[in-house]
Amino acid sequence: MRQWRNRRRLSQLDLAIAAGVSPRHVSLVETGRSRPSADMVLRLATELDVPLRERNRLLVAAGFAPRYFERPFETPDMSAVHAAIVRVLGAHEPYPAVVFDRHWNIVMANRAAAQLLDTASAELRADPVNMVRLALSPEGLASSIVNFADVKNFFRLRLARQLARTGDPVIAALYNEFFGATPPEEGPGPDASEVVIPMLIRHRGHELRLFSTVTTFGTPQDVTLDEISLESYYPADKRSADVLNELAADRSGTAI
């Protein structure tokens, strides 16, 4: 609990006020001199914006069973969510859209995205397909992205902030792979380029100008749903929209 509080740069008093408890109680919980209830663990974790996977670990450390399930998309319990995501991906055609997990591995993609990524090496397109490596590796899309420096910086910001929020060692390794030194616990501040990130990419003799939006589940109660994001790409001008429609007409059902 102390590690998460320090990561959020909060004092015991700050956390106590937010959670509606005394600073002394927060101190006793952190030092193990008081055994908190499961509800108290979750209350503190909520105020610290701890991911669901880590909330389960805090519960186990306090002597309680995990509260949040982690179910693959293929299970019957997830069938409605899976079907909804499939509909969203399909409805976004002819524009690209991908679903990726907490480590940026692509879980699902529509045909437009698969076609856009088919110039990457076979090795990078083998499971698990990692979105960061696809975009930034020379064997991926790096040589096709006209404004590669801007796109790389945008990924740096996103990874740094994710690492600051989660402390995930896999994200730390991914950051280090492309950007060298591990960033500080608090990622870089807001950047104007994040309002709308343009990506200019050469594909099949065309230059596409795209921007993206990211969608997450608002109130997930499942670890899997808490950790996935849907990134949808849109044409930033009419020419790009026309090209994407032309590519859709030529498609033969390619999928990741």
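Only the coordinates and a few stated rules stand behind these numbers; no lab work does. Not measured: the values here are computed from a predicted model. Every residue, glycine as well, gets a Cβ built from its backbone with ideal geometry; the counts of neighbours run over all protein chains shown.
Which of the residues that make up the range 116-132 are hydrophobic (A, V, I, L, M, F, W, C) and not in a loop (DSSP other than H, G, I, E, B)? Spell out the reasoning first.
Within the range 116-132, the first condition is being hydrophobic (A, V, I, L, M, F, W, C), and the residues that meet it are 116-117, 120, 122, 124, 126, 129, 131-132.
Result: Leu116, Met131, Val132.
Hey, can you tell me all the residues within the range 205-233 that are more than 15 Å from the chain's Cα centre (by Cα) and farther than 17 Å from Val243 by Cβ?
Listed by number, the residues that qualify are Thr219, Gln221, Asp222.
When only residues in the range 15-43 that are in a helix (DSSP H, G or I) and among the basic types (Lys, Arg) count, which is surrounded by the most Cβ atoms within 10 Å (Cβ to Cβ)?
Of all residues in the range 15-43, those in a helix (DSSP H, G or I) come to 15-19, 23-31, 38-43.
Checking the rest, the ones that are also among the basic types (Lys, Arg) come to 24, 43.
Numbers: Arg24: 11, Arg43: 16.
Ranking the candidates gives Arg43 first.
Can you confirm whether Ala135 is in a helix (DSSP H, G or I), touching a residue at least 24 places away in the same chain (Cβ under 8 Å), of a type outside the set (Lys, Arg) and closer than 18 Å to Met199 by Cα?
No, not satisfied.
Per-residue answers, yes or no, for (1) β-branched (Val, Ile, Thr); (2) in contact (Cβ under 8 Å) with a residue 60 or more places away in the chain; (3) under 15 Å from Leu230 (Cβ atoms):
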{"residue": "Gly90", "(1), (2), (3)": "no, no, yes"}
{"residue": "Glu93", "(1), (2), (3)": "no, yes, yes"}
{"residue": "Val99", "(1), (2), (3)": "yes, yes, yes"}
{"residue": "His103", "(1), (2), (3)": "no, yes, no"}
{"residue": "Phe155", "(1), (2), (3)": "no, no, no"}
